[in-house]
Amino acid sequence: MQTEEQLNSDILQITEQIKQLHPEVYETLHEVPITVPNTLAPEVKIKHLKDYLESLKVILRRYEKTH
């Protein structure tokens, strides 16, 4: 299971990848902001970060399929 730190690192990495390869997609990421739940429960934060990371992967895959 990934830690919160690892997930944040992965999110940063894929965001930078999108920025470098597809700057036009990167500009639209501001429309999909990440919001971290206001909770002390680490499992909730980790699930939320995993969901956000998966969303970024889907955005990247869909864009690369169509362009």
Tilt relative to the chain, helix 42-66 - C-alpha long axis, 0 to 90 degrees, to 10 = 10 degrees
Hey, what did the chain get for relative contact order, percent, Cα under 8 Å, at least 6 apart?
-> 44 percent
Length added when fully stretched, residue 35-residue 64, from 0.36 nm per residue minus Cα-Cα = 7.9 nm
Could you tally up the Lys pairs in the chain with alpha carbons closer than 21 Å? Skip any pair fewer than 8 positions apart unless they're on separate chains.
-> 6
Over region 4-66 - Rg/Rh using Cα atoms and the Kirkwood inverse-distance radius | 1.00
Measure off 7 Å from each Cα along the Cα-to-Cβ vector at residue 55 and residue 43, then give the distance between these two points in nanometres to one decimal.
-> 2.2 nm
Note, region 12-28: 3J(HN,Hα) by Karplus (6.51, -1.76, 1.60, θ = phi - 60°), whole Hz, Gly/Pro = x, goes 4, 5, 5, 5, 5, 4, 4, 4, 6, 7, 9, x, 5, 6, 4, 4, 7
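Each value in this text was obtained by applying a stated rule to the coordinates, not by laboratory testing. All figures in this text were calculated on a predicted structure; none of them were measured in a lab. Note that each Cβ is placed from the backbone with ideal geometry, even for glycine, and that neighbours are counted across all protein chains shown.
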